[in-house]
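What follows is a single structure, written as structure tokens, with notes after it.
The values are calculated or read from the model by the stated rules, or taken from the named source; none is laboratory data. Only a predicted model underlies this, so the values are computations on that prediction, with no experimental measurement involved. Every residue, glycine as well, gets a Cβ built from its backbone with ideal geometry; the counts of neighbours run over all protein chains shown. Side chains are part of the model used for accessible areas, which takes the heavy atoms of the whole protein and leaves out ligands, DNA and RNA. Shrake-Rupley method; radii C 1.70, N 1.55, O 1.52, S 1.80 Å.
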Amino acid sequence: MAKIRFLTFALIEILVSACMLASPMYAQSTRPNAEEGVAGEPYPNTPTIPPIGVRTGKYFDIPVSAQGPAIDAAKGYRLQNLGSGLYMITDNAVQSMFLVYDRGVVVIDAPQSYATKIRQAIKEVAGDKPITHLIYSHSHADHIGGAKGLGPIPIVIAQDETLRLLRRDADPNRPLPTLTFADQYTLHVGDQVLELTYRGPGHVPGNIFIYAPKQRVLMAIDIVFPGWMPWSRFADSQDVFDEIARLEDVRKIDWDTLVGGHVTRVGTHADVELQAEFYRDIKQAAAAALAATKVGETLNPLDVGNTWAIYDNYIDRVAAQCVNTVTPKWSTKLAGYDVFIWDQCYSMEQALRID
Ligand SMILES: [Zn+2]
């Protein structure tokens with residue numbers, strides 16, 4: 001399978017080489033040929049990983065370290081006992097939890113993709129106990145877009161910003177919370193406890209940490225992606241540096257099991273350390289690329305009056321250097337590395353330059 005990808009790149013390289021041969025000026029220098037109006041080579045010394053918009057034949061294989069237990073194909077979900085009445089439910093793409101107590105069940109997130117199966121999953125371990133509470137980790141539809149399918153829930157808990165965003169979104173599939181808080185809220189049900197805290201807007205305003213002290217489980221969504229490259233653009237974070245600060249929070253908290261909200265398995269402290277190291281490397285690589293890259297170089301002189309083109313060319317070159325710097329160390333360490341590395345470098349370039 002890897003051969004297909006290699007052949008694709010080989011084909012691109014042959015095409016690029018053919019173009020360069022046809023234009024001797026092009027091969028000699030990355031400077032544009034003003035007379036002919038030929039743009040400079042946009043991605044010098046790149047890449048084994050095609051940039052955004054260029055298709056790949058086959059992405060890199062997924063390392064064993066990133067593969068989780070298989071889901072039951074007949075049921076369409078996997079249930080993982082996290083101890084003392086706490087369970088993770090997942091379809092190996094999205095993860096949520098529920099907590100069983102003497103008189104009922106607290107559901108934490110209701111993902112679009114499998115919320116209709118949550119009651120069946122609860123029945124497996126808790127019989128017909130009613131869902132008394134629903135907690136929203138944050139407002140995003142992939143995590144709570146199946147909430148309406150659970151039917152009416154007496155108490156729906158979220159952070160204030162989540163209520164504001166859900167009011168704006170007015171999505172009937174994501175009913176409004178009935179109980180909100182600003183900084184922290186502790187839920188006591190029977191002999192179970194969940195500590196909810198809001199630490200900052202990184203991924204999206206309102207995204208909370210949910211800690212189960214008895215089970216020593218931390219649920220922090222869209223911050224850590226165990227074994228995997230984080231989702232595109234630092235998990236589509238609205239504030240990249242605040243998202244990285246939230247990862248630091250996850251590092252410092254004392255837990256045994258992390259539920260990150262996506263991919264195939266629960267997380268360990270080693271997963272968090274690895275991702276923190278990746279974030280440090282990509283920040284360093286993007287900063288070095290910004291320092292080494294000059295605005296306007298290699299721009300086709302015919303585009304000199306086009307401000308957007310000047311910066312597109314500049315940002316492309318910064319991103320290319322960033323990708324080239326981090327790839328040798330990281331391409332086999334994180335599953336899906338090649339899928340999103342260009343997006344990450346682009347995003348870090350933006351964050352360092354303008355945030
Ligand atoms: Zn999200």
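Dipole of the stretch 269-355 computed with +1 at Lys/Arg Cβ and -1 at Asp/Glu Cβ about the Cα centre; of Ala320, Gln275, Ala289, farthest Cα towards the positive end is Ala289.
Based on Cα contacts under 8 Å between residues 6+ apart, the chain shows a relative contact order of 17 percent.
What the Kirkwood sum gives for the stretch 68-264 is a hydrodynamic radius of 16.6 Å, with every pair of different alpha carbons counted. Using R0 = 22 Å, the C-beta based FRET efficiency linking Ser65 and Asp281 works out to 0.75. For the cross-link pairs Lys75/Lys129; Lys252/Lys294; Lys75/Lys329; Lys58/Lys117; Lys75/Lys148; Lys123/Lys148, the ones whose C-alpha atoms lie over 27 Å apart are Lys252/Lys294; Lys75/Lys329; Lys58/Lys117. Scalar couplings 3J(HN,Hα) for the stretch 126-137, obtained by applying the Karplus form with A = 6.51, B = -1.76, C = 1.60 to θ = phi - 60°, are 9, x, 9, 4, x, 7, 9, 9, 10, 10, 9, 5 Hz; x denotes Gly and Pro.
Accessible surface computed residue by residue for the stretch 269-355, with neighbouring protein chains in place and a 1.4 Å probe, gives 45 Å² per residue.
Hey, in the GNM for the chain with a 10 angstrom Cα cutoff, which one of Val272, Val304, Val295 fluctuates hardest? So, out of Val272, Val304, Val295, the one fluctuating most is Val304. The average projected area of the stretch 221-322, computed from the convex hull of its Cα atoms over all directions, is 7.5 nm². The three principal axes of the Cα atoms in the chain give end-to-end lengths of 79, 41, 37 Å, sorted in falling order. Of His143, His188, the residue with the largest accessible area leads and the full order is His188, His143 (1.4 Å probe).
The base-10 log of I(q)/I(0) for the stretch 269-355, evaluated at q = 0.18 Å⁻¹, reads -0.76 [Debye formula, identical scatterers on Cα atoms, solvent excluded].
Phi-derived couplings, Karplus 6.51 cos²θ - 1.76 cosθ + 1.60 at θ = phi - 60°, listed residue by residue for the stretch 141-157: 5, 5, 9, 10, x, x, 4, 4, x, 7, x, x, 10, x, 10, 10, 10 Hz, with x used for Gly and Pro. Computed over protein heavy atoms with a 1.4 Å probe, the carbon and sulfur contribution to the accessible area of the stretch 269-355 reaches 55%.
Phi-derived couplings, Karplus 6.51 cos²θ - 1.76 cosθ + 1.60 at θ = phi - 60°, listed residue by residue for the stretch 268-273: 10, 4, 5, 4, 5, 4 Hz, with x used for Gly and Pro.
Rolling a 1.4 Å probe over the heavy atoms of the protein chains gives the stretch 68-264 an accessible area of 38 Å² per residue.
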